[in-house]
Amino acid sequence: MGKMKIRINCQIDLSDEYENEPEKLQEEIDFILNKFGEVEEFTKEQDENTLTLKSQLKAHELQVNLFEKWGEWEYARNLSRDMRMNFIGFGEVEECNSGVFDYEATKKTFKNPLKSLLFFDK
């Protein structure tokens with residue numbers, strides 16, 4: 001299994017429920033991000049009811065396994081969809097970009113090259 005980092009950039013029009021509740025908002029953002037990995041960098045800017053999030057995560061083992069199983073494009077598509085679905089509870093998600101930016105395979109990652117190319121289960 002390799003190592004990787006995930007970068008997330010989102011812009012959200014906050015609903016009235018979260019607009020004046022910074023503690024509740026931060027608690028739920030932390031919960032969502034920690035499902036995908038360990039937070040290494042995080043910035044949050046709020047301008048009236050627009051929230052801009054930028055984060056960098058050290059991916060959990062499950063995320064790395066999914067990346068190695070599905071490949072770069074399929075993993076990126078699913079990650080973007082999952083992020084959008086997680087943040088939709090805060091209001092209207094205007095923009096949400098996420099992806100892997102630092103993947104490092106180990107020697108044991110692809111023991112059988114044919115197996116990794118055909119995406120068979122391990």
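The values are calculated or read from the model by the stated rules, or taken from the named source; none is laboratory data. Quick caveat, the model's predicted, so the values are computed rather than measured. Virtual Cβ from ideal backbone geometry, glycine too; neighbours counted across all protein chains shown. Each accessible area value is taken on the protein alone, full model and side chains, heavy atoms only, with ligands, DNA and RNA left out. Shrake-Rupley method; radii C 1.70, N 1.55, O 1.52, S 1.80 Å.
What the table below lists for this structure:
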{"quantity": "Under the Karplus curve 6.51 cos²θ - 1.76 cosθ + 1.60, θ = phi - 60°, whole-Hz ³J(HN,Hα) for region 25-39, x wherever Gly or Pro sits", "calculated": "4, 5, 4, 6, 5, 4, 4, 5, 5, 5, 5, 9, x, 7, 6"}
{"quantity": "Solvent exposure ordering (accessible area, 1.4 Å, most first) of K3, K44", "calculated": "K3, K44"}
{"quantity": "Long-range amide H partners of G37 with built H, under 5 Å", "calculated": "H60"}
{"quantity": "GNM flexibility winner over the chain from D82, D16, D30 (Cα, springs under 10 Å)", "calculated": "D16"}
{"quantity": "Y103, Y18, ranked by accessible area, largest first (probe 1.4 Å)", "calculated": "Y103, Y18"}
{"quantity": "Accessible surface, 1.4 Å probe, highest first, among residues R77, R84", "calculated": "R77, R84"}
{"quantity": "Most fluctuating residue given options Q63, Q46, Q11, as computed from a GNM of the chain linking Cα atoms under 10 Å", "calculated": "Q46"}
{"quantity": "Between helix 72-87 and the chain: long-axis angle, C-alpha atoms, 0 to 90°, nearest 10", "calculated": "20 degrees"}
{"quantity": "Residues with amide H under 5 Å from that of E92, placed H, sequence gap 5 or more", "calculated": "D13, S15"}
{"quantity": "The chain - percent relative contact order, Cα under 8 Å, separation 6 or more", "calculated": "43 percent"}
{"quantity": "Pair S80, K3: separation of 7 Å Cα→Cβ label points (nm)", "calculated": "2.8 nm"}
{"quantity": "Segment F42-K24, length gained on full extension (0.36 nm per residue, minus Cα span)", "calculated": "4.8 nm"}
